[in-house]
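Here's the structure we're looking at; comments come further down.
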Ligand SMILES: Cc1ncc(COP(=O)(O)O)c(C=O)c1O
């Protein structure tokens, strides 16, 4: 495989990203299969490349974009990528809000996330009295709290019970300048935590937790949706992520799912039992030194994934096989030594193909991805960074 990737990209100088479109399309088809007929909103943070978002949106089974900032949603709308954009994290970006208020078509296309009166107050303060109607999606806290002071999940929305949700939804419905359109709940403790980690005991515990959390969430989410729809009809109820498509799709109160990482197949998504995406996004680093037998040193490469700061956030050499990072240097700012028998077959100017731990963050380091199709045709496309876009 690395011979093929090396051959088709021979004229380009690494570092660069490569997307194997066969793998990407197969991953997309598998997400659609796992979604059991519910449409999937594309989580753009996990792609950060317009050409890839557009490619997925053309496929049956995908509908709309889950953006990570309002500014990004405004940009994607201006570029004509979609007219169904959910900015899935509350915004405190005054400039972006002011821009939204001046673009009538964007106002119809973009939905903002809110979970408290503070969010509505902020928007009112920025836009002033009589501002145009802003579409609002209410976020439900999906974490699992099996006992007092035990919180399993992310810290996102304070709206936990169906009553909390109903009270806030009523506030939105009654408040001039806002329109309630959706409900979202992302069960990170199921979707974002691989249930097949290296530690087998942890795996057993995780699977029990995830099953019980999913059952509890189905009941709570269904009740919350019931309470809101008594007040106002909802356009969508969004839930889940790559790791939870099966259980989220099985919840009848959910009308659409979200996924992004599963298209790319980063390292963290090797740790699931239910599915195994193909590694579709790789990056090439050049060999620049051979400091000792069994070691090749690559240029740059310290693309560490966000989150817990643990070892699983490191990238890993993928091809040629049999290489690993060193424990003393890891993946470095200006160089990344890799160790293994295959290193002895590498010389200056050869490449090593790496995998990132997460799906979208590589696009913050690289400006170009080369898309390789099954006929070995190569198309260069810019990442968000390559289009001079940086949304945080
Ligand atoms: C709100 C929300 N939905 C869905 C997802 C799932 O994204 P992915 O499929 O890339 O894991 C995430 C990931 O963080 C998220 O924050």
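A few remarks follow.
- Based on C-alpha pairs under 8 angstrom that are at least 6 apart in sequence, the chain has a relative contact order of 20 percent.
- Take the Cα of residue 380, step 7 Å toward its Cβ, do the same at residue 347, and the gap between the two points is 2.7 nm.
- Packing-based exposure ordering (other Cβ within 10 Å, fewest first) of 157, 44, 36: 36, 157, 44
- Label-reachable residues, region 333-362, where backbone N falls under 17 Å from a point 7 Å from residue 389's Cα toward its Cβ: 360-362
- Packing-based order for 1-8, 266-273, using average beta carbon neighbours within 10 Å, highest first: 266-273, 1-8
- As a rough footprinting exposure proxy, the listed residues 49, 67, 390 were ranked by other beta carbons within 10 Å of their own, and the order from fewest upward is 390, 49, 67.
- Protection proxy ranking for 325-335, 104-114, using the average of other Cβ atoms within 10 Å per residue and placing the highest first: 104-114, 325-335.
- Legend: ranking of residues 168, 236 from fewest to most surrounding C-beta atoms inside 10 Å; resulting order 236, 168.
Read-outs: derived from the displayed coordinates by stated rules, not from any lab. Please read these numbers as outputs of a predicted model, since none were measured by experiment. In this analysis, Cβ positions are derived from the backbone assuming ideal geometry, glycine residues included, and neighbour counts consider all displayed protein chains.
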